[in-house]
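What follows is calculated from the coordinates using simple rules that are stated; it is not laboratory data. Computed from a predicted model, the values in this text were never measured in an experiment. For neighbour counting, all protein chains shown are included, and Cβ atoms are generated from backbone atoms with ideal geometry for every residue, glycine included.
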Amino acid sequence: MRFAVIVFPGSNCDIDCYKAVRETIGQPVDYVWHTATDLSAYDAIILPGGFSYGDYLRCGAIARFAPVMDEVRRAAEEGRYVLGICNGFQILTEAGLLPGALLRNRDLKFHCHSTLLEVVNNETPFTREYAKGEIIDIPIAHGEGNYYCDEETLARLEANGQVVFRYKKGENPNGSVNDIAGVCNERRNVVGMMPHPERAVSELLGSVDGRRMFTSVLSAWRERHGAAVNG
Amino acid sequence: MKATVYVTIKQNVLDPQGAAVQGALHSLGFTEVGKVRIGKYMELELDAKDRAEAAARVKAMCEKLLANPVVEDYRFELEG
């Protein structure tokens with residue numbers, strides 16, 4: 001299974017994502033510059049955190065028009081796996097690949113600490129190895145992670161099971177509606193989240209709860225492709 | 001021609017910055033201040049002659065890039 005980690009000017013979690021893939025599942029992974037126009041070789045695409053284009057105008061507003069985004073859209077339409085983390089999530093919402101928007105944190109502060117998340121939907125390719133309702137420890141690091149969508153969209157997300165992660169009750173760090181920390185598209189192959197699973201893949205980092213995001217998507221891919229377990 | 005674009009947060013969307021500024025104004029004694037909303041002001045120089053066409057182009061810029069329709073409204077003025 002081949003992974004691409006997209007690198008925009010201002011991405012700063014690209015190396016963490018690359019190493020998380022290598023460390024957790026040992027699959028081939030490439031850094032792909034934002035000017036790339038062909039992602040057909042990749043089964044999964046990760047949009048990493050950071051401050052693409054300096055967050056100018058709005059987080060992700062300029063990155064969504066990077067040449068590579070047409071290919072990310074194509075991959076999403078073809079059912080390949082797309083994961084946006086933090087700034088990557090912001091880019092996916094700006095691009096319209098995921099609903100909603102990320103606003104300034106309710107208290108205007110940049111939050112950088114571990115958070116407890118509830119796995120709400122464990123039927124996405126990225127969460128299938130978690131238990132539904134399981135509480136996991138994944139850090140956040142953002143100033144604009146306050147998830148917002150209008151009430152109609154929110155009702156639809158909840159009804160469709162598109163809320164993938166919620167901050168544990170009483171621990172919402174940023175003011176997100178319904179404590180939402182991560183969502184997916186209707187088809188479930190595109191997931192966006194503010195917390196950083198790639199920073200929770202080793203005991204040395206304080207948590208290994210992010211590892212299963214990577215092992216999950218590998219097992220989803222293997223199942224789809226009937227690949228041998230050692231493939 | 002010059003376009004002046006105003007991007008504002010939709011009325012039903014919380015504006016934490018506006019709330020913080022409101023609090024600061026109150027603590028400075030400006031107690032008459034009610035709700036505060038913070039938006040963006042942009043000046044665009046345009047190489048354009050036809051006003052109607054310029055208006056259509058600026059509208060497209062707003063919808064495509066300058067404002068996020070999920071959370072923001074926009075309006076603009078053309079001069080010159």
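Go through the residues of segment A:125-144 one by one and say whether even a single one is within 14 Å of another protein chain (Cβ to nearest Cβ), touching a Ser or Thr at 6+ places or on another chain (Cβ under 8 Å) and either more than 26 Å from A:Tyr18 (Cα to Cα) or crowded, with 23+ Cβ neighbours inside 10 Å (or both). No, segment A:125-144 contains no residue that is within 14 Å of another protein chain (Cβ to nearest Cβ), touching a Ser or Thr at 6+ places or on another chain (Cβ under 8 Å) and either more than 26 Å from A:Tyr18 (Cα to Cα) or crowded, with 23+ Cβ neighbours inside 10 Å (or both). Would segment B:65-80 turn up any residue that is part of a loop (DSSP other than H, G, I, E, B) and away from every other protein chain (no Cβ under 14 Å)? Yes, because at least one residue in segment B:65-80 is part of a loop (DSSP other than H, G, I, E, B) and away from every other protein chain (no Cβ under 14 Å).
All told, A:Leu102 falls short of being within 14 Å of chain B (Cβ to nearest Cβ), part of a loop (DSSP other than H, G, I, E, B) and in contact (Cβ under 8 Å) with a residue 24 or more places away in the chain. Assess whether B:Arg37 counts as being over 30 Å from A:Leu108 (Cα atoms) and either within 10 Å of chain A (Cβ to nearest Cβ) or surrounded by fewer than 16 Cβ atoms within 10 Å (Cβ to Cβ) (or both). Against the criterion (over 30 Å from A:Leu108 (Cα atoms) and either within 10 Å of chain A (Cβ to nearest Cβ) or surrounded by fewer than 16 Cβ atoms within 10 Å (Cβ to Cβ) (or both)), B:Arg37 does not qualify. Among the residues here, A:Arg212 does not qualify as within 28 Å of A:Leu154 (Cα to Cα) and part of a loop (DSSP other than H, G, I, E, B).
Somewhere in segment A:124-137, is a residue within 20 Å of A:Ser52 (Cβ to Cβ) and among the β-branched types (Val, Ile, Thr)?
From segment A:124-137, those within 20 Å of A:Ser52 (Cβ to Cβ) are none; that's our starting set.
Looking for residues that are within 20 Å of A:Ser52 (Cβ to Cβ) and among the β-branched types (Val, Ile, Thr), one finds none in segment A:124-137, hence no.
Take A:Ala159 and tell me if it is among the hydrophobic types (A, V, I, L, M, F, W, C), under 30 Å from A:Leu204 (Cβ atoms) and either assigned to a loop (DSSP other than H, G, I, E, B) or more than 14 Å from chain B (Cβ to nearest Cβ) (or both). Judged against the criteria, A:Ala159 is not a match. Residues of segment A:13-24 being in contact (Cβ under 8 Å) with a residue 24 or more places away in the chain and surrounded by fewer than 16 Cβ atoms within 10 Å (Cβ to Cβ), which ones? The answer is A:Lys19, A:Glu23. For segment A:43-62, a residue qualifies if it is away from every other protein chain (no Cβ under 14 Å), assigned to a loop (DSSP other than H, G, I, E, B) and surrounded by 24 or more Cβ atoms within 10 Å (Cβ to Cβ), and the qualifying residues are A:Pro48, A:Gly49.
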